[in-house]
Amino acid sequence: MRAIRPAVLAAAALGVALSALGGAGPAAAGAKAPAATHGLAAASRPAVEPVEVAAPVIVARYTFDAADNAANGATVPDDSGHGHTLTSSAGHGGKVRLAERLTGRAADFPARCAGKKCPHAVLQAPDAPELNPGTGPVSYGATVRLTKKDTGSGQNIVQKGYSASGSQYKLQIDGAAGHPSCVFADATVHAIHVAMSDVSVSDGAWHRLECRRAGTTLTVLVDDAVHGTAVLPAELSVVNTVPLSIGGKGNGNDNDQFHGTLDDVWIARG
């Protein structure tokens, strides 16, 4: 993903000169401009400069390529330069291992387990203001690989906050069918809003997943194509003090563990 810089909104003022005889301002739309009077040239209208729209800014990105191979994914630097370093939080012997790819490394999470004390592990970064989008536009995503045998009732990929308390944005893969979905919730609206993909990604291949909030529209994209949308209340705001969590919702037995491999995890504002 290329670096994105903020753009500056610009607008040009329209100037119209009045005639020396106390004439009125600009003519109505569609009317012919008056001719010059007593040698005074008619005022010319300057060209209007184009308005640039602010582009999204990457506030966190994890390629796992610079992760410490000796620590086996225990610490993952933020490649965006914003300092949101991930550290591992695990239980019952769970680990996040680094997997080699042709283009670098990826993060391999604990495999599916049917026991009561299954290994679990997540990567987390402390809360920071720029990770809380409020009611503004935000997008986030990851490249994932998940096999059919590793699907489950719900596997969280990217998560900030909880739907049961406070507020939340999340990317997950739902059910045995392996359909990705995007989730938003807050403590004011008291509802969970889900944009569910109409295609599965549990085929053992790599897939690019993205969630996009723009105004009142929540969109889920799979391999850069739109595969589901949902309507969000305009006032739905996501601001919380919960850590950013990758690969599950937290360090607990029922943590909605992701059981596949992740790469190129990112969050963008604007």
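Would you please name the residue that is modelled with the lowest pLDDT, looking only at residues in the stretch 58-95 that are surrounded by fewer than 16 Cβ atoms within 10 Å (Cβ to Cβ) and hydrophobic (A, V, I, L, M, F, W, C)? Here the answer is Ala70.
When you check Gly134 against the structure, is it at positive phi, of a type outside the set (Asp, Glu) and out of contact with any strand residue (DSSP E or B) (no Cβ under 9 Å at 6 or more places or on another chain), yes or no? Considered against the rule, which asks whether it is at positive phi, of a type outside the set (Asp, Glu) and out of contact with any strand residue (DSSP E or B) (no Cβ under 9 Å at 6 or more places or on another chain), Gly134 comes out as no.
Of the residues Val201, Val183, Val242, Val220, the single one that is under 17 Å from Val265 (Cα atoms), touching a strand residue (DSSP E or B) at 6+ places or on another chain (Cβ under 7 Å) and assigned to a loop (DSSP other than H, G, I, E, B) is Val201.
Contact map, the stretch 147-161: residues that are in contact (Cβ under 8 Å) with a residue 12 or more places away in the chain paired with residues that are among the β-branched types (Val, Ile, Thr) and surrounded by fewer than 21 Cβ atoms within 10 Å (Cβ to Cβ), Cβ distance under 7 Å, separation 6+ or inter-chain. Pairs shown: Lys160/Val242; Gly161/Val242. For the stretch 167-180, the set of residues classified as part of a strand (DSSP E or B) and surrounded by fewer than 14 Cβ atoms within 10 Å (Cβ to Cβ) is empty.
Residue count for the stretch 222-237 under the criterion of being loosely packed, with under 14 Cβ neighbours inside 10 Å and more than 15 Å from the chain's Cα centre (by Cα): the result is 4. Of the listed requirements (1) within 17 Å of the chain's Cα centre (by Cα); (2) in contact (Cβ under 8 Å) with a residue 40 or more places away in the chain; (3) crowded, with 21+ Cβ neighbours inside 10 Å, Asn240 misses just one: (3).
The set of residues from the stretch 134-166 being under 19 Å from the mean Cα position of the chain (by Cα) and surrounded by 23 or more Cβ atoms within 10 Å (Cβ to Cβ) comprises Val138, Tyr140, Gly141, Ala142, Val144, Gln155, Ile157, Val158, Gln159, Lys160, Gly161.
The values are calculated or read from the model by the stated rules, or taken from the named source; none is laboratory data. Computed from a predicted model, the values in this text were never measured in an experiment. When we count neighbours, we look across all protein chains shown, and the Cβ atoms used for this are built from the backbone with ideal geometry, even at glycine.
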